[in-house]
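Read through the structure below, which is laid out as structure tokens, and then see the notes.
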Amino acid sequence: MKTIKTTFVLALILCFTINSAQAQQLFQIHQDNVKPSKVAEYEKIAKEFNEASTTHNLQASWVTAMSNDFRYFYITPIENFAELDKRPFADMAKAMGDKFGDMFNRFDKCYDSHGTYIMASDEELSYMPEGKTTAPADENYRKWFYLYYTPKNAKKVREGMKAVKELYTSKGSKAYYRVYRNGFGSMESFYLVSVSAKDEIDSAQKGEANKEVLGPDRWETFNKVMNNISRMEEYSGKMRPDLSYSPKKD
């Protein structure tokens, strides 16, 4: 997490540009790929960092998520790329002195790789009816589907994902999902589909119920996406309110 000494981090822009009709919110994401043997130590330091942020009333905010393969994501919404030049940790680092640097040196021992990139929400492809834009507060469990595609298939994949949303809409599906697109800092093009639930059991039950709602012909529509992506990766994870932070309100 050394990079957040100057700029804080944290999952989607197509070909390095943002089409305002397709993406409503940018996110800066910092990802730490934590060693399994260091998870307990890493979380201890992360909580210390949050406590220090509270003590110094750090004027920054982030929500935290972790995946089942021990990747930690620190997600901050941003208005534009100019915000990347801000240094929200400068005053805190000055006040803490050597303790600030020591904390990040301890972080560095918990992973072999980490980095920062940009993602953008894609409201046009997300399926969140009833005016909802975020997951319910009591649904911190996540299923994440990464759909990678090559530039030549970008249009076909997007058209396929629109067809999937139309299917869900026509069937009145209750299996809501949010879609994000890769952006600056990513070497591959992909969509991230995020599905929330209360826990693993709730996720499985919703999945089975949704199969019944969509019917046996659902694969005809799904294949409009699956036949045009280069690969798909599926992960489970959860949001971590205990590792998230926002400053005190006046």
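Which ones in region 215-250 are more than 27 Å from S173 (Cβ to Cβ), of a type in the set (D, E, K, R), open to solvent by 40 Å² or more (accessible area, probe 1.4 Å) and not in a helix (DSSP H, G or I)?
Correct list: K248, K249, D250.
So which residues in region 100-119 are over 17 Å from N33 (Cα atoms) and out of contact with any Phe, Trp or Tyr (no Cβ under 9 Å at 6 or more places or on another chain)?
G101, D102 - these are the residues of region 100-119 that are over 17 Å from N33 (Cα atoms) and out of contact with any Phe, Trp or Tyr (no Cβ under 9 Å at 6 or more places or on another chain).
Which residues, counting only those in region 183-214, are surrounded by fewer than 19 Cβ atoms within 10 Å (Cβ to Cβ), modelled with pLDDT under 95 and not polar (S, T, N, Q)?
Passing the criteria: F184, G185, M187, E188.
When region 159-195 is examined, which residues are found to be of a type in the set (A, V, I, L, M) and outside any strand (DSSP E or B)?
Here is the first cut: in region 159-195, the ones of a type in the set (A, V, I, L, M) are 161, 163-164, 167, 175, 179, 187, 192-193, 195.
Within region 159-195, M161, A163, V164, L167, A175, M187 meet the criteria.
So how many residues does region 88-128 have that are open to solvent by 50 Å² or more (accessible area, probe 1.4 Å), within 22 Å of the chain's Cα centre (by Cα) and farther than 30 Å from K162 by Cα?
3
Which pairs turn up if I take residues in region 159-186 that are among the basic types (K, R) and look for partners that are part of a helix (DSSP H, G or I) with beta carbon separation below 8 Å, at least 6 apart in sequence or on another chain?
K171/V213; K171/L214; K174/K206; K174/A209; K174/N210; K174/V213
Give me the pairs, please: first residue somewhere in region 116-138 and under 24 Å from Q31 (Cβ atoms), second residue anywhere and of a type in the set (D, E, K, R), beta-carbon distance under 7 Å, and either six or more positions apart or on two chains.
M119/R181; A120/R181; S121/R178; D122/R181; L125/K162; L125/K165; S126/R178
Can you name the residue in region 133-155 that is under 10 Å from R178 (Cα atoms) and open to solvent by 70 Å² or more (accessible area, probe 1.4 Å) and, of all such residues, is farthest from the chain's Cα centre (by Cα)?
T133
The values are calculated or read from the model by the stated rules, or taken from the named source; none is laboratory data. Keep in mind that this is a model prediction, so the values were computed, not measured. Don't worry about glycine lacking a Cβ; one is built from the backbone with ideal geometry, like all the others, and counts go over all protein chains shown. Surface accessibility is based on the protein's heavy atoms, side chains included, excluding ligands, DNA and RNA. Shrake-Rupley method; radii C 1.70, N 1.55, O 1.52, S 1.80 Å.
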